[in-house]
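Let me begin by presenting the structure, written as structure tokens, before commenting on it.
The values are calculated or read from the model by the stated rules, or taken from the named source; none is laboratory data. Just so it is clear, the structure is predicted and the values come from calculations on it, not from any experiment. In this analysis, Cβ positions are derived from the backbone assuming ideal geometry, glycine residues included, and neighbour counts consider all displayed protein chains. All accessible areas refer to the heavy atoms of the entire protein, side chains included, with ligands and DNA or RNA removed. Shrake-Rupley method; radii C 1.70, N 1.55, O 1.52, S 1.80 Å.
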Amino acid sequence: MNKHNLEETIKEKVALLLEETMEKSWGIYVPQVQSDITDKLQSQLPVQFYIPAASSFQEAKRKFKLDFLQSQLQLHRGNVSQLARFIGLDRRSVHRVIKELDVQIYTIRREPQVSYSSQEKMINQTIRFALAGYKDIIQPQKMEKLYQEVPSLSRNLAKIIPHHHLTWKQAECEFEKQFLSQALQDSSWKIAETARQLKIQPETLHRKIVKLGLVRRNIAKTI
């Protein structure tokens, strides 16, 4: 599926499912929320990494590596050589990361064939990441109702959105963008406060902001 067809699929089918889910959970349709989710799904790199905001940067990065590696190993049935080519690493590097993260590769190899699970997980994370930006402006009970619908919504979306993949470096960069953007948004872009919460130096955070091209975004009022 090319970019134009993906855009049409999202416009015609994904947007409709999101609208129906919001109507069911909130009783209203919020175009800004729908647009935020569809934009992320339509991205060239539509993988989202849902990491608890309370994590330090190092803890979050380790969890990202573990989740990403496990999902890719599941996708490739534990075939390290195939995986290495797919994510742009050599086999030795993949084995080193597997050992470092204590990934149980033999257990993964014995698991049943995965169909939509990896795609489903990506979509689930995309939706949760987008919704996290609204947690302070949407009533908690309404947000909880929508979160309850996310697994079902993800399964349905996985059937109509094609699978995308990232190299290891692309995934690492995308994770940092998403995690740091959310942390900065949560602290109203207070660099020193964000750095303290993430347990990194303010200078390090500032360098990453510049390198990753992070920008502050405005959010609409509470619904």
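Shape analysis of the range 55-192 yields a ratio of the Cα radius of gyration to the Kirkwood radius, Rg/Rh, of 1.00.
Kindly rank 29-38, 208-217 from highest to lowest mean number of other beta carbons found within 10 Å of each residue. Each step should come with its number before you reach the end.
On the way: 29-38: 17.2, 208-217: 12.2.
Descending packing order for the listed peptides: 29-38, 208-217.
Spatial offset of the range 134-162 relative to the range 91-111 amounts to 31 Å, using the alpha carbon center of each. Computed from label points 7 Å out along Cα-Cβ, the spacing between Arg216 and Asp39 is 1.7 nm. Gyration tensor analysis over the Cα atoms of the range 119-202 returns equivalent ellipsoid semi-axes of 27, 20, 7 Å (largest first, whole Å).
What do you reckon, how do Ile191, Ile127 stack up by accessible area (1.4 Å probe), largest on top?
Working: Ile191 50, Ile127 5 Å².
Per-residue accessible area, sorted high to low, gives Ile191, Ile127.
Principal axis analysis of the Cα atoms in the range 74-148 yields extents of 48, 24, 21 Å, listed in decreasing size. Length gained on full extension, Cys173 to Glu111, computed as 0.36 nm times the residue gap minus the Cα-Cα distance: 19.4 nm.
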